[in-house]
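Bear in mind that the values in this text are calculations on the coordinates, not laboratory data. No experiment lies behind these values; they were computed from the predicted model shown. Heads up, the Cβs are rebuilt from the backbone with ideal geometry, glycines too, and the neighbour counts pull from every protein chain shown.
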Amino acid sequence: MMSFDVLFNQFLSGIARAAMLFLVASGLSLTFGVLRILNFAHGSLYMLGAFLSYSIWKFILIPVVGFYVATIITAIILALIGILIEFFLLRRLYVRGWPEQLLATYAIILIITDIVKYGWGGEFLSIPRPKPFTGAVFLFGFPFPSYNFFVILLGLGLVIFLWWLVYRTRLGDIIRAAAHDREMVSALGIPIPWLFTWIFVLGSLIAGLSGAVTAPFGSVALGMDIEIIVECFAVVVIGGMGSLPGTLLGSLIVGEVYAFGIMFKPELALAFIFIVMAVVLIIRPWGIFGRPER
Amino acid sequence: MFLQTQQITKEFGKLRAVNNVSLEIVKGDIHAIIGPNGAGKSTYFNLVTGYHRATSGKVIFKGKEITHLPAYSRCNLGITRSFQITSIYPKLTVYESVLQGLLCHRKVTLNFFSSAKKFFKEEVCRILEDVGLADQANTLGDSISHGDKKRLELAITLGTEPELLCLDEPTCGMSPEETDVAMSLIKKFSEERGLTILFTEHDMSVVFGIAKRISVLHQGTLIADGTPQEVRASEEVQKVYLGGSA
Amino acid sequence: MLTNQTEKKDSIVKRGWWLGLLFILFLIAPSILSEFYLSILCEALVMSLLALSFNLLFGYMGQLSFGQAAFYGLSGYTVAMLVTKVHFNFWLSLVAGVLMAGVIGLVVGYFCVRLRGIYFAVLTLAFGQLLFVIIYKWHNFTGGDDGIQGVFPPDFLKSPTAYYYFILLVFTASAYVLWRIIQSPFGQTLKSMRENSERTEFLGINIARYQLIAFVIAAGFAGLAGAIWVPFYRSVAPFYLMWIKSGEPVMAAILGGPPIFLGPVLGMFIMTFFHAWVLGFTIYWPVVMGALILVIIFFLPGGILGFAHEKLKERKEKLNLTKGQP
């Protein structure tokens, strides 16, 4: 019953899901690593991105490349929204404590949820898979949607891009320094407010991009904001706080647990993720690649 | 044998902050740990009090090995500390802050129904008078002066009626007058309450003023350990401090 | 040297006077209010209990919990299922509801207290969401989306007025117990953990353990709120456990003022009536809630009562200064 092909197929689905998770969670990890603000509303930006890309795609009606164009436009719009949120709201809260920051992002979730409800109603929406990823690739006699490969490639691309950004550019040096010691970086004359805005914008852009990319999976609906933030949080808890390699590992683990969880008992897939998270919390509360506070 | 560390080591990644330090603190002593910046004084402190877990080595207190005990357990055994960056309760009054130490030590913190303010009135008042904060009993922690905050932290730690009191740079940021007051307080508590005091300091006048024993750390290693005269005379120490105020 | 004893007595008498008057008003409420407003008042009282349970963790312990509604809802489901499916004794069902909330609170809390601050908060949200999903998806057992209907209290409590007095009694007793807990050495320890948990840890307190105890107490009282609400409303549904519902006690607390014991109650009363009014012309309550939270954060940081308290303090200090003039 449990042949290798079935297992391998599930394994690949897990990778695709992991790639999807990494796309979203990396944005979260980035903002948290530097800004030390856990952007609760990251999932809402992702959801907004998904719904927006659907509408843009429907509106521009360009064959073949329509999806990609819509994705890029969505990412840009979300980046702009990110600027607005950071500039008008979050910037004033850096001096306040984490409770206010968390409450503010919680408020944003509430607002965006209703915006989406108002704009798109309570339906389930989806976009058909874009060309050339409409078909399936046959692995060991099993059809594997080629769109999943696209997502995996995109995930890999993001890994490489972020790795390059954080470890190979001056901006990356500043990011890593600011993650360690914000005051020191500021004392060196680097305008912290601008840095924060850029990081947040990058995070929002990634959120919008991931939202658009998830649309062809057919699960664009209200509630995906909380769903994804819970899973992203599991990724971060398991992989390690504010660590990009940790986010990658966490995404892989959560993706695979979900994929195999679905195989055993679909309704309890989420519960399996929580079990893994619970185990990590007992053995190593700061995550696999995280560092203990003391 | 009161407190002993046996070859205690702490590594942060590749950095060895404390290197095989074996030291003994005698009951009733006022024992200072000194050394230039980066010597590992605070880290050693943190190892003794449980803020950090040792990479290797042992910490033994009153004959019992406490190396793997969490900080709160060590406190319950009689080790209390103060922090270099004054650690008090900003929005609790001076009175409530000192009361907290007593509540914790006398193990009534799982009492859910009596009124907290009714407990230990005499003891709190006595401690406040001893440190000289009695007239500010109802002031909030963040409203008092820096020197008073340090005295408040001392008062809070006294509430736990410790046997070993670890003070991390107790006169840091104090004016000369405040330093004198603090020094005499520390001496008084050592004598009156039979406290053993372990402290780190940069101010050499304080160190040589009240310490009975001094240990010198340099880059994580113990380079001298003895009476103030012995330490003052040590060539190693003089080299390390390069003609500093020793 | 100690608190001026007469000063203290004065403030107790002052506060007691206000509370006494309020209580009398609550006692005569059914005779002045219509049934509609009476039921809103019932909701306000029940949700205020939920808000008080939340504020034990937030105002007094300094941690944000975004999952209180899960315990509220779980208890409600326990009562609903015991009463409708097994025809269990009503009073024992209420107790079972509270116990269920407490036990789940213990399990969830055990993991949550391994983390602090932001992580603690998001983890409570995550667990709340997990519980919501379980209730929602377990169609056969919980009725899923449909919820459970037909939850009736015993005959003598069936009238709104009678049940109102029951709710008022439970609320007053619970508020009193929570007040005692906050004034106790345990409560004082929670406050010290809020102010500086490291300092308290180094006074000998196992912080995680104490946070867990507080978490279970809060879960229990949240469960009590849910247990007494469901028989009043006669039904329970999955949204009772939703993250949006969890936000309501949060908002009530910050609106009324977390540092004052009855702050969340004031906030919840305002919110409940406001909520009822808003729902009269739109379903978009979350966006209103979100906007209000932002307004409170930016313009009313201590909440209404916190703001009033500050103003009173300032006036007192000004008076003292002028008194001190030669």
Taking Cα pairs closer than 8 Å and at least 6 residues apart, the relative contact order of region A:55-189 in percent is 11
Under 5 Å from the placed amide H of A:V137, counting only residues 5+ away or on other chains, we find A:F144, A:S146
For B:K64, the lysines lying under 16 Å Cα to Cα, once residues fewer than eight places off in the same chain are dropped, come out as B:K27
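Would you calculate a helix-derived [θ] at 222 nm for chain B, using -39,500 (n - 2.57) for each DSSP H run of n ≥ 4 and dividing by the full residue count, to the nearest 500?
-10500 deg cm²/dmol
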Binned at 5 Å starting from 0, the alpha-carbon pair-distance distribution of region B:87-161 in whole percents comes out as 3, 18, 32, 25, 15, 6, 2, 0
Per-residue ellipticity at 222 nm attributable to helices in chain A (runs of n ≥ 4 DSSP H, -39500 (n - 2.57) apiece, nearest 500 deg cm²/dmol) works out to -24500 deg cm²/dmol
Expected integer from the mean partner chain Cβ neighbour count at 10 Å over A:94-103 is 5
Rounded to one decimal in nm, the spacing of the 7 Å Cα→Cβ label points at B:S184 and A:K265 is 7.2
Each label sits 7 Å from Cα toward the beta-carbon; between C:L321 and A:W163 the label points are separated, in nm, by 6.2
With the label point 7 Å along the Cα-to-beta-carbon line of B:K239 and a cut-off under 17 Å to each amide N, the hits in region B:32-50 are B:35-36
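If the viscosity is 1.567 mPa s and the temperature 4 °C, what translational diffusion coefficient in µm²/s does Stokes-Einstein give for region C:103-166 when Rh comes from Kirkwood over Cα pairs?
Diffusion coefficient, whole number: 88 µm²/s.
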Under Stokes-Einstein, the protein assembly as shown at 37 °C and 0.692 mPa s, with its Kirkwood radius over C-alpha pairs, diffuses with a coefficient in µm²/s of 110
From the Cα centre of region A:156-211 to that of region A:15-50, the distance in Å is 14
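Need one number for region A:4-222: average projected area of the convex hull over its C-alpha atoms, nm².
13.5
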For region C:165-178, in residue order, the Karplus 3J(HN,Hα) values (coefficients 6.51, -1.76, 1.60; θ = phi - 60°; whole Hz; Gly and Pro = x) are 5, 4, 4, 4, 4, 4, 4, 4, 4, 5, 4, 4, 4, 4
For the pair B:I60 and A:L188, the simple spin-label estimate (label points 7 Å beyond Cα toward Cβ) gives in nm 4.7
Restricted to pairs 8 or more residues apart or on different chains, the lysines in region B:87-161 with C-alpha atoms under 21 Å apart form a number of pairs equal to 9
The distance between the Cα centres of region C:250-326 and region A:104-127, in whole Å, is 27
In debye to the nearest 20, the charge dipole size for region A:4-222, taken about the Cα centre with +1 at each Lys and Arg Cβ and -1 at each Asp and Glu Cβ, equals 200
So for R0 = 22 Å, FRET eff. of A:F11-A:I275 from the Cβ-Cβ r, to 0.05, ends up at 0.70
Here the whole-number average of other chain Cβ atoms within 10 Å per Cβ of C:204-214 is 4
Ordered by number, the chymotrypsin sites (Phe, Trp or Tyr not before Pro) in region A:109-194 that occupy a DSSP loop and have at most 14 other Cβ atoms within 10 Å are A:F124, A:F140
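Report the percentage of all Cα-Cα pairs in region B:117-176 whose separation exceeds 14 Å, rounded to a whole percent.
Roughly 59 percent, once rounded to a whole number.
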From DSSP H assignment alone, runs of 4+ in chain C each adding -39500 (n - 2.57), the sum over residues rounded to the nearest 500 puts [θ] at 222 nm at -26000 deg cm²/dmol
Counting other chain Cβ atoms within 10 Å of each Cβ in A:267-279 and taking the mean gives 3
One finds, for C:W277 and C:F152 with R0 = 30 angstrom and r their Cβ-Cβ distance, a FRET efficiency to the nearest 0.05 of 0.55
Taking Cα atoms, the helix C:68-85 axis meets the longest principal axis of chain C at an angle in degrees (rounded to 10) of 30
Given a Förster distance of 22 Å, the FRET efficiency implied by the Cβ-Cβ spacing of B:E24 and B:L77, rounded to the nearest 0.05, works out to 0.80
Mean separation of Cα contacts under 8 Å (at least 6 apart) over the residue count of chain B, i.e. the relative contact order in percent, is 27
Helix A:4-35 sits off the longest principal axis of the Cα atoms of chain A, rounded to the nearest 10 on a 0 to 90 degree scale, by 20
Rounded to the nearest Å, the spacing of the alpha-carbon centers of region C:22-62 and region B:78-105 is 36
The size of the Cβ-based charge dipole (Lys, Arg +1; Asp, Glu -1) of the protein assembly as shown about the Cα centre, to the nearest 20 debye, is 320
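Check chain C and count each lysine pair with an alpha-carbon distance under 17 angstrom, considering only pairs eight or more places apart or from different chains.
Value for chain C: 5.
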